[in-house]
Every structure is written in structure tokens, then in C-alpha cells.
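**Q** The structure's right below; bear with me while I get my questions together.
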Amino acid sequence: MPAQLLLNLFIAFLWMTLIDEDELKFTTFFAGFLVGIGIIYFMHRFFGTQFYLRRVYATFKLLFIFISELTQSSVIVLKQILSPKLKIKPGIFKYDTVLKSNTEVTMLSLLLTLTPGSVVMEVTPEGDALYIHAMDVEKSRASLLKQLRNFEKAIMEVTR
């Protein structure tokens, strides 16, 4: 991926020099960058890796998923806090993850901990399971599992 980006920047600078304008303009650089994207897209199979903008797209997708899950869980926690009676049953459960590397498991743990109502308490030494404390296990466990699967899928798109 870094090689493709550097090649794209090189094509953009080469485009700027070949256009032969009196001064350097951002629009010329941007046009060269777009030409470079097209060239690299058609030649990315020769690099032996996927097209680098797919990973950029996956990163923005992960960010969007995180923001939407953060908003949804914040609303749920706010409803529980503002209710006259607390009808929550906190608890701990184990979640077996399909993520392999330490980086992926750490990303999943941090994303889950940043959303309100749940905290990753511990990761097994093998890194294949998480112990999660949920604010309301009975009501939020299904949505929390769905949230974890969404995060895992998005993390795998970014890292693999």
C-alpha cells in the first residue's frame, strides 16, 4: 500500500512538471493525482496487493460504523440513566473473537470500550476471547454481539 501511494504522488508531481505551467497549481497536482489513481488501479494486480484506496475506504467505513454505534449506545445509556427506576442487570460474559493479531484484538477492545455501557475487562493470553462487562446483560447482549461482529468485520477489512 505505501508503494502505491508513493507511486501515485510521483505520478502527480511528474504530471505537474510535464504540463509546463509558469507556476505550480494545486489543480494541476490534483489532476495528476487522479490520473495516477487511474494508472495504479489498472496496474495494481502487478504489485501483488489490493488497490490502496480500498483500505482507505475501509478505514472511513470503520470510522462511520464506530460513530453510529457510539451514537446508538449513548442514546440507550441516556434512556437508562434518565428513567426513574434503574432496571438494569449488569453482568460479565465471554466473547470468542475471530481476530488473529494483537493489533486487531486491541482495536476491537478499544472500540468497544469507547462505546458507553460496555467495557472489555480482560483478554485471554491467547487473544481469542474477551471478557466484557455490560451495563444491562439481559437487554443489551444481542445488540452488543451484533456491534462486536460489525466491528470485527470492519477491522478485518482495514487490516487484511
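The values are calculated or read from the model by the stated rules, or taken from the named source; none is laboratory data. None of the values given here were measured: they were computed from a predicted structure. Cβ atoms come from the backbone with ideal geometry, glycine included; neighbour counts cover every protein chain shown. Side chains included, ligands, DNA and RNA excluded: accessible areas come from the protein's heavy atoms. Shrake-Rupley method; radii C 1.70, N 1.55, O 1.52, S 1.80 Å.
**Q** Hey, can you tell me all the residues within the range 105-123 that are hydroxyl-bearing (Ser, Thr, Tyr) and over 17 Å from Ser73 (Cβ atoms)?
**A** Thr106
**Q** Right, something else. Please determine whether any residue of the range 90-100 is over 23 Å from the mean Cα position of the chain (by Cα), touching a residue at least 12 places away in the same chain (Cβ under 8 Å) and in a loop (DSSP other than H, G, I, E, B).
**A** So far as the range 90-100 goes, yes, one or more of its residues are over 23 Å from the mean Cα position of the chain (by Cα), touching a residue at least 12 places away in the same chain (Cβ under 8 Å) and in a loop (DSSP other than H, G, I, E, B).
**Q** Kindly indicate which of Ser118, Ser74, Ser109 is at pLDDT 90 or above and either under 18 Å from Asn150 (Cα atoms) or in contact with a Lys or Arg (Cβ under 8 Å, 6 or more places away or on another chain) (or both).
**A** Being at pLDDT 90 or above and either under 18 Å from Asn150 (Cα atoms) or in contact with a Lys or Arg (Cβ under 8 Å, 6 or more places away or on another chain) (or both) holds for just one of Ser118, Ser74, Ser109, which is Ser109.
**Q** Can you tell me how many residues in the range 44-77 are over 15 Å from the mean Cα position of the chain (by Cα) and under 16 Å from Ser143 (Cα atoms)?
**A** 7
**Q** State all residues of the range 116-160 that are farther than 13 Å from Glu104 by Cβ, acidic (Asp, Glu) and touching a residue at least 12 places away in the same chain (Cβ under 8 Å); if no residue qualifies, say none.
**A** Asp136, Glu138
**Q** What number of residues within the range 1-29 are assigned to a helix (DSSP H, G or I), over 33 Å from the mean Cα position of the chain (by Cα) and surrounded by 11 or more Cβ atoms within 10 Å (Cβ to Cβ)?
**A** Within the range 1-29, residues that are assigned to a helix (DSSP H, G or I), over 33 Å from the mean Cα position of the chain (by Cα) and surrounded by 11 or more Cβ atoms within 10 Å (Cβ to Cβ) number 3.
**Q** Hey, another quick one. Taking the range 30-57 only, how many residues are part of a loop (DSSP other than H, G, I, E, B) and either buried (at least 17 other Cβ atoms within 10 Å of the Cβ) or among the small types (Gly, Ala, Ser) (or both)?
**A** The qualifying residues number 2.
**Q** Here's another thing I want to ask about it. Which of the residues spanning the range 130-160 are touching a Lys or Arg at 6+ places or on another chain (Cβ under 8 Å), among the hydrophobic types (A, V, I, L, M, F, W, C) and not in a strand (DSSP E or B)?
**A** The answer is Val137, Ala154, Val158.
**Q** Here's a follow-up. Could you tell me whether any residue of the range 73-86 is closer than 27 Å to Ile155 by Cα, open to solvent by 40 Å² or more (accessible area, probe 1.4 Å) and in contact (Cβ under 8 Å) with a residue 12 or more places away in the chain?
**A** Yes, some residue in the range 73-86 is closer than 27 Å to Ile155 by Cα, open to solvent by 40 Å² or more (accessible area, probe 1.4 Å) and in contact (Cβ under 8 Å) with a residue 12 or more places away in the chain.
**Q** Only one of (1) open to solvent by 30 Å² or more (accessible area, probe 1.4 Å); (2) outside any strand (DSSP E or B); (3) among the aliphatic types (A, V, I, L, M) fails for Met121. Which number is that?
**A** Here Met121 meets the rest and fails (2).
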